[in-house]
Amino acid sequence: MLVRHFGLATTLMATLALATPAHAVTEIQWWHAMTGGNNNVVIKLADDFNASQSDYKIVPSFKGSYADVLNAGIAAFRAGNAPGIMQVFEVGTATMMAAKGAIKPVYQLMKEQGESFDPKSYLPAITGYYSTSRGEMLSFPFNSSSMVLWVNLDALKEAGIAAPPKTWPELFDDAKKLHATHPTCGFSSSWITWGLIEQFSAWHNVPIGTEANGLDGFATTLEFNTPLETKLLQNLVDLQKDKSYDYSGRTNTGEGRFTSGECPIYLTSSAFYPNVKANAKFNYTAVPMPYFPDVNGAPQNSIIGGASLWVMGGKSPEEYKGIAKFFTFLSDTDRQVYLHEESGYLPITKAAYEKTKASGFYEKNPILEVPLKELTNKPPTENSRGLRFGGMVQMRDVWSEEIEAALAGKKSAKDALDAAVSRGNAMLRQFERSAAK
């Protein structure tokens with residue numbers, strides 16, 4: 001009888017042992033803003049990492065637009081249930097830095113976890129945006145883009161224009177010629193403040209604000225109301241009168257005006273590439289942003305758009321260990337090459353860029369190298385490393401309001417930029433006070 005009971009107990013224990021995992025898998029929540037094909041890329045990255053090991057599980061969750069993710073993440077941190085990883089767009093960097101205790105800097109994480117991590121292996125124009133003045137990376141670059149000029153080559157040929165414009169004066173002239181065949185829009189643009197203030201300033205190596213555009217401290221003041229920026233806006237105001245230039249809004253909702261053929265020249269993100277490739281029914285290309293040839297040293301280098309991955313504070317040691325391993329996984333050269341070629345976003349490492357170039361990929365897809373050539377055109381300066389202004393999401397709306405007032409003829413170009421700087425500085429002082437608390 002005793003032997004029988006012992007045998008039953010042994011069988012029961014063996015069954016329970018099989019039913020119970022050898023160790024618990026640590027789940028890591030990843031909140032993001034990727035849609036469409038790029039959402040699929042995010043899911044594949046998580047699945048591939050999860051399949052590569054058995055200790056950690058990355059769980060991606062779409063949380064809406066970039067602004068939605070940022071707001072949801074901050075609220076979740078205050079409620080004590082923030083994700084382990086949060087995708088935040090580049091202009092949210094100052095907000096994340098000022099949220100005391102909400103983040104764990106990536107350079108600290110990787111050092112603590114003993115993961116190989118060399119900031120110098122990443123493209124300087126990308127790391128500079130997300131690093132301290134000492135070169136310490138605060139977040140992990142993920143999806144980066146820059147701004148390029150999209151050109152309808154068929155429309156240029158029809159208008160007797162031999163080649164895409166390289167300078168702003170050439171673009172202004174081309175827009176007038178294209179207006180004859182495209183009366184509602186010779187030239188347009190998206191992301192108006194990113195293009196006409198942020199990228200324009202970096203490309204011409206002039207400051208947007210003091211303290212290296214805020215990268216060196218929150219005590220920054222804006223200074224983009226100079227004769228150079230005024231000249232650009234005044235030209236657009238003049239062209240807007242007959243729609244040789246036609247405003248297409250603050251974000252990228254107007255990009256379909258290019259793919260439909262309505263606007264033959266369009267200034268917007270390089271991340272527009274998959275959309276153009278899928279929808280344009282004409283010959284097209286992308287070229288670097290225009291510049292004013294009378295500005296000494298122009299063009300300089302462009303700055304990035306897109307987003308990076310922030311590690312949230314207050315997580316368990318196991319979560320941090322898993323996040324560090326995931327970032328090492330993402331940095332793999334072949335994986336970065338895949339991401340670049342699949343999504344149209346830029347490779348974040350020098351090795352991935354060089355491997356893509358050596359494979360002959362850009363010979364067949366030259367458009368995808370244009371933003372990389374812009375970013376690496378010259379070593380970044382204090383004016384072209386990037387920007388880090390507090391409350392940038394709201395401040396962009398203020399800048400847009402003033403630009404719109406000028407384009408509508410309600411203010412002069414100079415008055416609009418003076419107001420954008422004045423209102424923006426008031427917002428920066430408010431942010432500085434709140435960050436000091």
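The values are calculated or read from the model by the stated rules, or taken from the named source; none is laboratory data. Nothing here was measured: the structure is a model prediction, and the numbers come from that model. For neighbour counting, all protein chains shown are included, and Cβ atoms are generated from backbone atoms with ideal geometry for every residue, glycine included. Please note that ligands, DNA and RNA were not included when accessible areas were found on the heavy atoms of the full protein model with its side chains. Shrake-Rupley method; radii C 1.70, N 1.55, O 1.52, S 1.80 Å.
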Please give the strands (runs of 3 or more DSSP E) falling wholly within the range 21-137 in which 1 or more residues are open to solvent by less than 60 Å² (accessible area, probe 1.4 Å), in contact with a Pro (Cβ under 7 Å, 6 or more places away or on another chain) and closer than 18 Å to PHE329 by Cβ. 26-32
Could you tell me which residue of the range 328-351 is nearest to ILE58 (Cα to Cα), considering only residues that are assigned to a helix (DSSP H, G or I) and polar (S, T, N, Q)? THR328
In the list LYS111, LYS100, LYS63, LYS120, which residue meets the criterion of being touching a residue at least 12 places away in the same chain (Cβ under 8 Å) and basic (Lys, Arg)? LYS63
Mind checking which residues of the range 211-251 are aliphatic (A, V, I, L, M) and under 26 Å from the mean Cα position of the chain (by Cα)? ALA212, LEU215, ALA219, LEU222, LEU228, LEU232, LEU233, LEU236
Is there any pair with a first residue in the range 179-194 that is more than 10 Å from SER248 (Cβ to Cβ) and touching a residue at least 12 places away in the same chain (Cβ under 8 Å) and a second that is of a type outside the set (D, E, K, R) and part of a loop (DSSP other than H, G, I, E, B) whose Cβ atoms are under 6 Å apart and which are 6 or more apart or on different chains, and what are they? HIS179/GLY186; HIS179/SER244; THR181/ALA159; HIS182/PRO264; GLY186/SER244
Within the range 243-261, the count of residues that are within 13 Å of GLY195 (Cβ to Cβ), open to solvent by less than 30 Å² (accessible area, probe 1.4 Å) and in a loop (DSSP other than H, G, I, E, B) comes to 4
Looking at GLY360 and the list (1) farther than 30 Å from ASP238 by Cα; (2) open to solvent by less than 40 Å² (accessible area, probe 1.4 Å); (3) in contact (Cβ under 8 Å) with a residue 40 or more places away in the chain, which single condition is not satisfied? (3)
Whether any residue in the range 390-404 is in contact with a Lys or Arg (Cβ under 6 Å, 6 or more places away or on another chain), buried (at least 16 other Cβ atoms within 10 Å of the Cβ), farther than 19 Å from TYR291 by Cβ and touching a residue at least 12 places away in the same chain (Cβ under 8 Å) is what I want to check. yes
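The rows are residues; the columns are (1) open to solvent by 20 Å² or more (accessible area, probe 1.4 Å); (2) in a strand (DSSP E or B); (3) in contact with a His (Cβ under 9 Å, 6 or more places away or on another chain).
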site	(1), (2), (3)
ALA162	yes, no, no
PRO169	yes, no, no
LYS177	yes, no, no
THR181	yes, no, no
THR184	yes, no, no
SER188	no, yes, no
GLY195	no, no, no
ALA298 is checked against (1) touching a residue at least 24 places away in the same chain (Cβ under 8 Å); (2) open to solvent by 10 Å² or more (accessible area, probe 1.4 Å); (3) assigned to a helix (DSSP H, G or I); (4) within 30 Å of GLY186 (Cα to Cα) and fails just one. What number does that condition carry? (3)
List, please: which pairs have Cβ atoms under 9 Å, are six or more places apart or on different chains, and start with a residue in the range 266-294 that is farther than 21 Å from PHE172 by Cα and end with one that is basic (Lys, Arg)? ASN283/LYS157
Residues (in contact with a Ser or Thr (Cβ under 9 Å, 6 or more places away or on another chain), hydroxyl-bearing (Ser, Thr, Tyr) and at pLDDT 95 or above) located in the range 224-279: THR230, TYR245, TYR247, SER248, TYR266, THR268
Just one of (1) in contact (Cβ under 8 Å) with a residue 40 or more places away in the chain; (2) on the phi > 0 side of the Ramachandran plot trips up LEU156, so point out which. (2)
Any residue in the range 262-274 that is out of contact with any His (no Cβ under 8 Å at 6 or more places or on another chain), more than 28 Å from THR95 (Cα to Cα), of a type in the set (Ser, Thr, Tyr) and surrounded by fewer than 18 Cβ atoms within 10 Å (Cβ to Cβ)? no
Given (1) closer than 21 Å to GLY135 by Cα; (2) surrounded by 23 or more Cβ atoms within 10 Å (Cβ to Cβ), identify the lone condition not met by LYS378. (2)
The condition of being under 19 Å from MET86 (Cα atoms), of a type in the set (Lys, Arg) and in a helix (DSSP H, G or I) holds, among LYS277, LYS315, LYS325, LYS357, only for LYS325
Hey, could you check the range 197-233 for residues that are among the hydrophobic types (A, V, I, L, M, F, W, C) and assigned to a helix (DSSP H, G or I) and say which is surrounded by the most Cβ atoms within 10 Å (Cβ to Cβ)? ALA202
